[in-house]
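**Q** I have a structure I would like to understand better, so I am pasting it below and will then ask my questions one at a time.
Read the figures in this text as sums done on the coordinates, not as results from a lab. Since we're looking at a predicted model, the values are computed, not measured. Glycine also receives a Cβ, built like all others from the backbone with ideal geometry; neighbour counts cover every protein chain displayed.
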Amino acid sequence: MNSSMNPLTAGMTTLSTRHLIAIKDSTVQDLELILQTADQFLEVLYRPVRKVPSLRDLTIANLFFENSTRTRLSFELAEKRLSADVVNFSGNGSSISKGETLSDTVRNILAMKIDMLVVRHSNAGTCQFLANRVDARIVNAGDGAHEHPTQALLDAFSIRQKFGRIEGVKVLLVGDILHSRVAMSNLFCLLKLGAEVMVTGPATLMPPHLGDLGIRFEPNLDEALEWCDVANVLRIQLERQQMRYIPSLREYSLYFGLNKARLDRLSHSIVIMHPGPINRGVELQSDIADGPHSIILQQVENGVAVRMAVLYLLADQIRNPHL
């Protein structure tokens, strides 16, 4: 891939913000800089020695108050590839279960000379709450149904890797848009980077005011698939739903699940993405998830490079606070 300097980021060496909390509040220049930096770190992952000393003098704490596999491992691997010292914290069994406040827990952790926090929490707004109260760089690894910025960035990186660009690519988000933090971050990221965006899924799982953002809702999955270049298929967020929005998973799969028969009817080939974990047999059949249209494993690989880029750029601000 051509990683030459983009005019948008010419002369830029650092992010314009102290934290990465929301794509909605990020500039186009910040997003472009992260993607360009990720190009360089993806090359590192293919070297015989897949490690660089960029963060060897910093300590990063991963504070995961919500279950995670891919995101947590991806961040931890990114941190270790950058030679940072890494501390992992789980909310289960912590002092929070004894009544300690979140602020007190985080302040005690920071008293141990932690430079950066990667935070996942079930409550929307937690990362911004902490950013307003503690003196450390914060990366949002997912806060409730609000945002998941690094997932959107790795998805955008994967699209650019596949097509050589993001601008003008037709991207379809399929499924539970209302409860998905991945969807929210993706919508803002794709629009800022010039993609055309459409959503499809049950009307009950669509947030209001999509049209105000310039996003088209197409209720018919087959017509939406015929339109798109990329289908990013989202997991049904059953754990975040306070009521039943669909009659059954079987009916959801019938109307909005992707299978080989659906893709075979299209007039052109499309790319399939999924942020994981996959509900196989619900939103995706296995022959699609594991088939030639899928770049799901590339997304996972790219996630390490993108998170390395985010951590590296924020760490550069710690070392050079006057940039």
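**Q** Mind listing the long-range amide H neighbours of Gly281? Cut-off is under 5 Å, sequence gap 5 or more, other chains count too, H placed in the peptide plane at 1.01 Å from N.
**A** For Gly281, the qualifying residues are Ser286.
**Q** Helix by helix through the chain, keep the DSSP H runs that span 20 Å or more along the axis on Cα and average at least -1.0 on Kyte-Doolittle, and give those back in order.
**A** 28-44, 149-163, 296-319
**Q** Additional query: Once fully extended, how much extra length lies between Leu213 and Asn88, figured as 0.36 nm per residue of separation less the alpha-carbon to alpha-carbon distance?
**A** Working it through step by step, the gained length comes to 41.2 nm.
**Q** So what is the 222 nm mean residue ellipticity for the chain from helices alone, if each DSSP H run of at least 4 adds -39500 (n - 2.57) and you divide by all residues, rounding to the nearest 500 deg cm²/dmol?
**A** Result for the chain: -11000 deg cm²/dmol, rounded to the nearest 500.
**Q** Give me the one-decimal Kirkwood hydrodynamic radius in Å for the stretch 185-257, with the sum taken over alpha-carbon pairs.
**A** 13.5 Å
**Q** Could you give me the ³J(HN,Hα) list for the stretch 201-217, computed from phi with Karplus coefficients 6.51, -1.76, 1.60 and θ = phi - 60°, whole Hz, x at Gly and Pro?
**A** x, x, 4, 5, 10, 9, x, x, 6, 4, x, 5, 8, x, 10, 8, 9
**Q** For the chain, what relative contact order do you get, as a whole percent, if you take Cα pairs closer than 8 Å and at least 6 residues apart?
**A** So the answer I get is 20 percent.
**Q** For the chain, how many pairs of lysine residues have a Cα-Cα distance under 25 Å, where the two are 8 or more positions apart or belong to different chains?
**A** 12
**Q** Principal axis extents for the stretch 149-300, Cα atoms only, whole Å, descending order, please.
**A** Sorted from largest, the Cα extents of the stretch 149-300 read 40, 34, 27 Å.
**Q** Please list 3J(HN,Hα) in residue order for the stretch 135-147, calculated via the Karplus relation 6.51 cos²θ - 1.76 cosθ + 1.60 where θ = phi - 60°; whole Hz, with x for glycine and proline.
**A** 9, 7, 6, 10, 10, 7, 9, x, 10, x, 9, 7, 8
**Q** Normalising by the residue count of the stretch 231-295, find the relative contact order in percent from Cα pairs under 8 Å and 6+ residues apart.
**A** 47 percent
**Q** Could you tell me how far the Cα centroid of the stretch 265-292 sits from the Cα centroid of the stretch 111-131, in Å?
**A** Answer, in whole Å: 34.
**Q** Let me know the volume per residue of the alpha-carbon convex hull for the stretch 142-205, in Å³.
**A** Output value, Cα hull per residue: 66 Å³.
**Q** Relative contact order for the stretch 149-300: what percent, with Cα pairs under 8 Å and sequence separation of 6 or more?
**A** With pairs under 8 Å counted, the relative contact order is 24 percent.
**Q** Normalised by the empirical 2.2 N^0.38 Å for globular proteins, what value does the Cα Rg of the stretch 17-133 take?
**A** This ratio for the stretch 17-133 stands at 1.16.
**Q** How long is the gain from Arg133 to Leu266 if the chain were fully straight, where each residue apart is worth 0.36 nm and the alpha carbon distance is subtracted?
**A** Taking Arg133 through Leu266 to full extension adds about 42.7 nm, to one decimal.
**Q** Quick one: if the Förster radius is 35 Å, what FRET efficiency do Glu100 and Arg319 give, using the C-beta to C-beta distance and rounding to 0.05?
**A** Between Glu100 and Arg319 the formula returns 0.65.
**Q** Summing Lys, Arg as +1 and Asp, Glu as -1, what charge do residues with Cβ under 10 Å from the Cβ of Asn123 carry, Asn123 excluded?
**A** Charge balance near Asn123 sits at -2.
**Q** With loop defined by DSSP as not H, G, I, E or B, and exposure as at most 13 other Cβ atoms within 10 Å, which is the longest segment of the chain clear of exposed GluC sites (Glu not before Pro)?
**A** Longest run free of exposed loop sites: 168-323.
**Q** R0 = 25 Å: FRET efficiency of Lys51 with Glu167, Cβ-based, nearest 0.05?
**A** 0.15
**Q** Residue-wise, which Karplus ³J(HN,Hα) couplings in Hz belong to the stretch 219-228, taking 6.51 cos²θ - 1.76 cosθ + 1.60, θ = phi - 60°, and x for glycine or proline?
**A** So the J values, rounded to whole Hz, are x, 9, 4, 5, 5, 5, 5, 5, 6, 8.
**Q** Continuing with the same structure: If a paramagnetic tag sat 7 Å from the Cα of Asn67 along the Cα-Cβ line, which residues of the stretch 182-201 would have the backbone N under 19 Å from that point?
**A** What the label zone holds, given the 19 Å backbone N cut-off, is 182.
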